[in-house]
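So the structure is just underneath, and the comments pick up after that.
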Amino acid sequence: MILIEDLNLAHGGTPVLRDINLTIDRGGIVALVGPNGAGKSSLLSLIARLLPLQTGRIFIDGLPVTTTPGRELARRMAILRQDGVFAGRLTVRELVSLGRFPHNQGRSTPQDRARVEEALVQFGVSDLAERFLETLSGGQRQRALVAMTFCQGTDYLLLDEPLNNLDMFHARHLMQSLRRMADEDARTAIIVLHDINQAAAYADRIIAMRDGRIVSDGTPGEVLTVDTLAAVFGYRMQVTVAAGRPLVMHHL
Ligand SMILES: Nc1ncnc2c1ncn2[C@@H]1O[C@H](COP(=O)(O)OP(=O)(O)OP(=O)(O)O)[C@@H](O)[C@H]1O
């Protein structure tokens with residue numbers, strides 16, 4: 001379980017997150033949605049300790065993120081950042097192998113190598129395994145980064161806009177992989193999504209943010225209503241139902 005209490009964050013005196021209180025149970029997909037600048041990445045970064053906590057508390061399975069050793073946290077939680085920090089002179093296989101580092105400190109076992117090969121296949125980058133990251137297309141590189149994050153084998157995955165650069169086939173494939181991971185292994189994904197219909201189709205819970213606050217929190221059916229979407233995104237859009245899930249006509 002991830003527990004977030006009384007979280008506030010400001011940059012240079014400007015509030016970015018205000019009074020965030022959340023409990024995220026183990027197992028399932030939680031989508032963070034909201035307009036640019038709402039605070040979604042800041043929230044993920046605080047959970048993953050990529051930003052120092054200013055006020056409030058965050059616990060992962062009872063461990064306070066501020067004081068738990070990094071290695072211990074990295075065995076429970078993996079993060080895929082929006083800015084995808086990576087070194088261009090790594091090959092895809094070397095990058096994906098880094099996902100095992102918290103478990104092996106660089107001394108990879110046959111099991112680690114098997115996990116790497118599995119992740120390369122799962123995200124369709126095994127043919128690219130020997131290629132340097134700098135030679136890949138944006139979507140291929142994104143898939144390699146996703147494979148590294150999965151390969152870490154953590155109970156919690158924090159993914160900041162993982163569908164960036166992915167074509168429709170690979171976006172759907174990633175969402176289906178997350179769904180399987182949640183259903184079969186009770187793992188938890190917290191995922192920032194701009195494609196509201198991917199959130200509608202795959203998330204168990206949607207947390208909608210605006211101006212650093214949580215505006216709505218519930219199932220896709222509860223959150224994706226015309227009024228709530230207007231409160232979050234600032235315009236009214238038609239909502240219909242497809243395959244039992246909301247379908248938001250945000251582009252019309
Ligand atoms: N280092 C920083 N210094 C100053 N302001 C910052 C900094 N990082 C983020 N912000 C501000 O904090 C606010 C929230 O940013 P954040 O990246 O969390 O939003 P977001 O919801 O993830 O947005 P997007 O959808 O555009 O990725 C924005 O107004 C942003 O300009």
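The values are calculated or read from the model by the stated rules, or taken from the named source; none is laboratory data. The structure presented is a predicted model; accordingly, all values stated were derived computationally and were not measured. Counting neighbours? That spans all protein chains shown, and the Cβs are built from the backbone with ideal geometry, glycine included.
Structure above, values below:
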{"quantity": "Enumeration of residues in region 199-243 that are in contact (Cβ under 8 Å) with a residue 60 or more places away in the chain, away from the ligand (no atom under 16 Å from the Cβ) and charged (D, E, K, R)", "calculated": "Asp204, Arg205"}
{"quantity": "Breaking point among (1) more than 13 Å from the chain's Cα centre (by Cα); (2) over 17 Å from Ile29 (Cβ atoms); (3) of a type in the set (A, V, I, L, M, F, W, C), for Leu166", "calculated": "(2)"}
{"quantity": "Inter-residue pairs, beta-carbon under 8 Å, first polar (S, T, N, Q) and at pLDDT 95 or above and in region 25-41, second assigned to a strand (DSSP E or B) and more than 9 Å from the ligand (Cβ to nearest atom), 6+ apart", "calculated": "none"}
{"quantity": "Per-region count, region 10-62, residues assigned to a helix (DSSP H, G or I), more than 9 Å from the ligand (Cβ to nearest atom) and either more than 12 Å from the chain's Cα centre (by Cα) or charged (D, E, K, R) (or both)", "calculated": "1"}
{"quantity": "Test: residue in region 165-179 that is in a loop (DSSP other than H, G, I, E, B), within 16 Å of the ligand (Cβ to nearest atom) and not aromatic (Phe, Trp, Tyr)", "calculated": "yes"}
{"quantity": "Of residues in region 180-215 being assigned to a loop (DSSP other than H, G, I, E, B) and of a type in the set (A, V, I, L, M), the one nearest to Cys151 (Cα to Cα)", "calculated": "Ala186"}
{"quantity": "Given (1) within 15 Å of the ligand (Cβ to nearest atom); (2) outside any strand (DSSP E or B); (3) closer than 21 Å to Leu159 by Cβ, index of the condition Leu73 fails", "calculated": "(1)"}
{"quantity": "Residues satisfying the stated conditions in region 50-88, i.e. modelled with pLDDT under 90 and touching a strand residue (DSSP E or B) at 6+ places or on another chain (Cβ under 6 Å)", "calculated": "Arg81, Gln82"}
{"quantity": "Lone unmet requirement of (1) within 23 Å of Arg113 (Cβ to Cβ); (2) of a type in the set (A, V, I, L, M, F, W, C); (3) within 14 Å of the chain's Cα centre (by Cα); (4) surrounded by fewer than 24 Cβ atoms within 10 Å (Cβ to Cβ) for Leu136", "calculated": "(3)"}
{"quantity": "From the options Arg245, Arg180, Arg172, residue that is surrounded by fewer than 13 Cβ atoms within 10 Å (Cβ to Cβ) and of a type in the set (Lys, Arg)", "calculated": "Arg180"}
{"quantity": "Arg141 touching a residue at least 12 places away in the same chain (Cβ under 8 Å), buried (at least 20 other Cβ atoms within 10 Å of the Cβ), assigned to a helix (DSSP H, G or I) and among the basic types (Lys, Arg)", "calculated": "yes"}
{"quantity": "Total residues in region 113-138, condition within 30 Å of Leu63 (Cβ to Cβ) and in a helix (DSSP H, G or I)", "calculated": "7"}
{"quantity": "Residue within region 216-227 that is surrounded by fewer than 13 Cβ atoms within 10 Å (Cβ to Cβ) and part of a strand (DSSP E or B) present", "calculated": "no"}
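A quick yes/no check of all residues on (1) in contact with a helix residue (DSSP H, G or I) (Cβ under 6 Å, 6 or more places away or on another chain); (2) closer than 20 Å to Met209 by Cβ; (3) of a type in the set (Ser, Thr, Tyr); (4) without any contact (Cβ under 8 Å) to a residue 60 or more places away in the chain:
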site: Ile47; (1), (2), (3), (4): no, yes, no, no
site: Gly56; (1), (2), (3), (4): no, yes, no, yes
site: Asp61; (1), (2), (3), (4): no, no, no, no
site: Val65; (1), (2), (3), (4): no, yes, no, yes
site: Gly70; (1), (2), (3), (4): no, no, no, yes
site: Asp83; (1), (2), (3), (4): no, yes, no, yes
site: Arg89; (1), (2), (3), (4): no, no, no, yes
